[in-house]
Amino acid sequence: MKITHPASVRYGSLVVPLAAQRQVDAALAYLARDPVERRLIERVERSPVRHRIEIVHHHDDAYRPWSHAIRWDPHSAMRTTGGGRQSPALGLAHELDHAAAHARDLVRLQSRGDPAYDDAEERRVITGTERHAARTLHESERRDHRGACYRVADPTQV
């Protein structure tokens, strides 16, 4: 259920900037075509922790666990190391998975290094929900935590 506030819209526990509502709606609708992503979105929306999406503009998607902020660039697509492509929406899904993780597990997995994925938390997300969604949405799967970003006009564009 959407609850409107002066500068934001709430999707349960997820707070979205009003100015980015159209882009977030498009990305969430696209991601919801995958049943695993649909459950992940619902988990974040029903979380006892209030998360917020912050729109950024320099290819710097990230999840900030100390502030529960999901930083997302809706125009930043990625070329994977294998030459494939991923949409900005899939980047949002990746950060939503970090947000949905239990804080204790997130910290524990981030502290375990992994040569291809940087750490065990990135491996969990990339080889889990991200890979499932990439297959469903006909986007490229990643085999590491690398890639080159490029600009697109729409969050669902690859």
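Details
- Antiparallel bridge percentage (DSSP; both residues within region 2-151; nearest 5): 75
- Taking label points 7 Å from Cα along the Cα-to-Cβ direction, residue 57 and residue 22 give a separation of 1.7 nm.
- Integer Hz, Karplus 6.51/-1.76/1.60 couplings in order for region 109-115, x for Gly and Pro: 6, 5, 7, 9, x, 8, x
- Whether region 64-132 is rounded, prolate or oblate, judged on the alpha carbon gyration tensor where a/c under 1.5 counts as rounded: oblate
- Gyration tensor (alpha-carbon) shape descriptor, the chain, a/c threshold 1.5: oblate
- For the chain, the residue among 65, 12, 40 whose Cα projects farthest onto the positive side of the dipole built from Cβ charges is 12.
- Amide H contacts under 5 Å for residue 119: 114, restricted to partners 5 or more places along the chain or on a different chain, H placed in the peptide plane at 1.01 Å from N.
- Sparse-neighbour loop sites [chymotrypsin sites (Phe, Trp or Tyr not before Pro); region 58-123; at most 13 other C-beta within 10 Å; DSSP]: 66
- Efficiency of FRET between residue 46 and residue 146 - r from beta-carbon atoms, R0 25 angstrom, step 0.05: 0.15
- Mean-square fluctuations from a GNM of the chain, with a 10 angstrom spring cutoff on Cα atoms, peak among 142, 39, 85 at 39.
Readers should treat all values here as calculations from the given coordinates under stated rules, not as data from a laboratory. Since we're looking at a predicted model, the values are computed, not measured. All Cβ positions, glycine included, derive from the backbone under ideal geometry; neighbour counts span all protein chains shown.
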